[in-house]
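Just so it is clear, none of the values below were taken in a lab; they were calculated from the coordinates. Note that the structure is predicted; figures quoted are calculated from it, not measured. Here Cβ is always computed from backbone atoms with ideal geometry, including for glycine, and neighbour counts include all displayed protein chains.
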Amino acid sequence: MAGKRSEAWLEEFADPEDLLSPLRTDNINERKLWCAVLKNAVDDSRGDPVGDSTGGDESEHSKRIRILCAKAWIAYEGREPGTFRWVLDVLGLVGYTTVIRRALL
């Protein structure tokens, strides 16, 4: 009997992973923020120049660290708030996680 109760409970959800998904937002400002986070990670993973308002040059060491950190963030498989997968989920792109990750790593 307990098994049937568990199955009935799971049938209420189209996708059990929806239990782990963050609330998607319709707030345009929040979406812009997470798009900017994603764009920053893409730029950093490629080693694109930093938008430094001071006009200073970035050292090679600093650039390598920035690239490695961005790639580590992209490669991380977690789903906690603020992770790569979570950001893609918020933006409605979670179905493209593997394709985007492969393109960036």
| query | Does ALA41 count as surrounded by 15 or more Cβ atoms within 10 Å (Cβ to Cβ) and of a type outside the set (Phe, Trp, Tyr)? | reply | yes
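Which count do you get for residues in the stretch 90-105 that are in contact (Cβ under 8 Å) with a residue 60 or more places away in the chain, aliphatic (A, V, I, L, M) and part of a loop (DSSP other than H, G, I, E, B)?
Of the stretch 90-105, the ones in contact (Cβ under 8 Å) with a residue 60 or more places away in the chain are 90-92, 94, 104-105.
After this cut, where a residue has to be aliphatic (A, V, I, L, M) as well, the list is 90-91, 94, 104-105.
Still in the list and also part of a loop (DSSP other than H, G, I, E, B): 91, 105.
Total meeting the criteria: 2.
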| Are any residues in the stretch 68-103 surrounded by fewer than 16 Cβ atoms within 10 Å (Cβ to Cβ), more than 10 Å from the chain's Cα centre (by Cα) and of a type in the set (A, V, I, L, M), and if so, which ones? | LEU68, ALA72, VAL99, ALA103
| message | Looking only at residues that are in contact with a Lys or Arg (Cβ under 9 Å, 6 or more places away or on another chain) and not in a helix (DSSP H, G or I) in the stretch 55-89, which one is farthest from ALA103 (Cα to Cα)? | response | GLU58
